[in-house]
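Written out below as structure tokens is the structure these notes cover.
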Amino acid sequence: MATCEKCGAAMEDGQTICPQCGEPVAQPKDRPAAADSEATLESTPLTPAENAVEEHPEEEHAAEAGEHPADSHLQPERKPLQKSKKIGIIVACCAVFLLLCGFAAKTYFARDLKMLVMGNSKYMQSMERSTAEALAGQTVGAVDMVMQQLPTKNNNIAEEGKVSLHVDLDNAFKEMVKPQLGGKEEVLDKTLDYINSISMEAGSNINNQQMQSNTVVKDKSGKLFSVNMFIDKDGKYLMQMPEISKTYFVMENKGVRNPVMAASNLSYDHDKLNASLRALTQPYVEAVQNGKVTVQKNQSLKVGDVSVNNAAKVSVTFTEEQLNQVMKKTLETMKKDDYLCTYLSENYNLFSTTEKMDKQKFQQMLDEYSKQIESDTKATFTVSAYVLADDTQVARSYEFNDGSASTKGAVNFIFQQKQFAANVIANDKEYFSAKLLFHTADSGVMQVSVKDPDTSGDMGLKIDFSDVKKAKFANKDTLLGKFNVSLSDPKGTLQNAFLPSVGQNPWAKDLLKSTLKLECSMQGDTFHSNCTLDIKGIATVKLTGETKQKTSGAITIPSVKEDEAIKLDTSGTGAQQYELQKKFPGEVMTYLSAQLGKDKELADLLQEFGINKTIIDYYRAQLQ
């Protein structure tokens, strides 16, 4: 019998762990009988049941003793089965492989797989259907956005604000003007001081029927004059300056209503309009199946400095006869759409005051258009989509050819994640281009150019913007941010056309480098705007404004009598109109004479130019 070397407890022969303290006990090296026995066991095959018992003898003993193997201190550490581990590794590898295959298929083969499964014609048709329906949805969305900006019958837009002006003349321009003032620079400084003292306060109130506004002009002495403006939905404009004259200036456009108020009265159902517009695209989508579809791999398209590369150009070409059939079917679809015909005819009457339109007249008009569509040329029309390998459409092209080499044109669009570009080409010459590039989510540049290929002319506008976002003000969306507008003249087209007309004046050489900066922001419930016009070589003009929403009240258009209105349209003729037109200048002189009598700063300034109250009274008497 052996003993534990650590605690001295008695142990049975063959025990490897002390039952008292759990200390492992080393076995004697010289045990031939045990070794022979183990060798015999190893060389004798075991049945599966015996093998199971042999692999875990401790579990069997523990079970006989009523103990759970996990609770026994004698339980040796169990190793995981090698077979299970291999199966898990195989499954994991298969899953990773399938994911990689799916990613590769989506990234590199999605387009080609679709073409293979669907065929080129069906693939193009599916793409055109998606594009047309998306365009219909975007059109209705644009209508929604515009309508949200307009006043409604129950929602007046009422605002009030202040605007201040500051002018700084360029030194070169001052030097040019001084001789005209007899070398008196102080006169120029005094004029600028007075101009910079002028401010304006304005208020407006508008609904979908009429609008009124009041603008007050002030200088240091106080109120100079005010301007009242009235507009109604029928296109009638009234203006009056009550401090100067009780006479109104009237202008009426009897053929067309006020477009803002007319648009405010538009009535439509979003879902029905969207469904109608989508239905109008179906004749075209169905015609794609009969058009000539071609696929060209590894194609490129470049618009200015924006390009698309390694794309498949999927095109469908229509003959003029096929295209005319599409147009006729589209008009027929529109004619059968009761909602769309009613919507267009009724809303037409909102803008026109001369011709009344109803659904029946509108349908007759569609029939007339359809009869005018003829097919007598060999012209073709091609629509192309540029598609990347992952099935992303990144550009479109619309090409027209009259069947000869003399007339052909194209309109190209590139639309990628951070840039948009478009151009118009006729007979392989570019006449118009536009680009929108985002540097970040709220900053970028927009550029529009008009070109004359025959003279290499290139001119346009460039707008840099930053910190752009939308905000709600006066119940409508307002664009905030910083905008810098400048002329684009890369080839000196404007410069060469402008300079000969102004001679060699030093102030004019940099005039086309003038810029307009606009900054719009919100502080609480107040909209702030800062506008700076930098007229190179002449002056810098700054306008600072702030606008608040106010409680709207009733809008009343004054009833103006014939003998109180100077008509600014073709009806402003006759003896009565002549008398009013003659009377108004005298009223201006009367006002100015009275103003000089109480506004010393204005009187002193005009005196520098030889104008005073005595001279004004003289001319007033002559007019009377």
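Stick to Cα atoms and the Kirkwood definition of Rh, then tell me Rg/Rh for the stretch 416-475.
For the stretch 416-475, the value is 1.14.
Could you tell me the accessible area of VAL411 in Å² (1.4 Å probe, neighbours in place), rounded to the nearest ten?
So the heavy atoms of VAL411 present about 50 Å² to solvent.
Please report the carbon-and-sulfur percent of the accessible area for the stretch 379-538; probe 1.4 Å, protein heavy atoms only, DNA, RNA and ligands left out. Before the final figure, lay out the partial values.
Details: 4980 of 8530 Å².
On the stretch 379-538, the fraction of accessible area on carbon and sulfur atoms equals 58 percent.
Does anything in the stretch 118-148 have its amide N under 20 Å from the 7 Å Cα→Cβ label point of GLN282, and if so which residues?
122-140
Return one whole number: the accessible area per residue of the stretch 333-413 in Å², for a 1.4 Å probe. Don't skip to the answer; put the middle values down first.
Values: 4470 Å² over 81 residues.
On a per-residue basis, the stretch 333-413 sits at 55 Å².
Under a crude label model (7 Å from the Cα following the beta-carbon direction), how far is GLU346 from ASN228 in nanometres?
My value for the distance between the label points is 3.7 nm.
Once you order the gyration tensor axes a ≥ b ≥ c over the Cα atoms, which shape class does the stretch 202-336 get: rounded for a/c under 1.5, otherwise prolate or oblate by comparing a/b with b/c?
Values: a/c = 4.10, a/b = 2.25, b/c = 1.82.
It comes out prolate by the Cα gyration axes.
Give me the extension gain from LEU266 to ALA10: residue separation times 0.36 nm, minus the current Cα-Cα distance, reported in nm with one decimal. Please list the in-between numbers first.
On the way: separation 256, 0.36 × 256 = 92.16 nm, distance 10.50 nm.
Extra length available between LEU266 and ALA10 comes to 81.7 nm.
What distance in nm separates the simple spin-label points at HIS166 and LYS561, each placed 7 Å from Cα in the Cβ direction?
Each label point lies 7 Å from its Cα, and together they span 4.9 nm.
Which pairs break 18 Å Cα to Cα here: LYS162/LYS472; LYS329/LYS371; LYS122/LYS292; LYS114/LYS297; LYS513/LYS536; LYS190/LYS600?
On the way: LYS162/LYS472 20 Å; LYS329/LYS371 12 Å; LYS122/LYS292 12 Å; LYS114/LYS297 15 Å; LYS513/LYS536 6 Å; LYS190/LYS600 13 Å.
In this structure, LYS162/LYS472 exceed 18 Å between Cα atoms.
Over the stretch 199-305, average the accessible area per residue using a 1.4 Å probe and give it in Å², no decimals. Please report the intermediate quantities before stating the final value.
Working: 5320 Å² over 107 residues.
Ligands and nucleic acids excluded, the figure is 50 Å² per residue.
The values are calculated or read from the model by the stated rules, or taken from the named source; none is laboratory data. Keep in mind it's a predicted model, so treat the numbers as computed, not measured. A quick note on method: Cβ atoms are made from the backbone with ideal geometry, for glycine too, and the neighbour counts reach across all protein chains shown. Heads up: the accessible areas ignore ligands, DNA and RNA and are worked out on the full protein's heavy atoms, side chains in. Shrake-Rupley method; radii C 1.70, N 1.55, O 1.52, S 1.80 Å.
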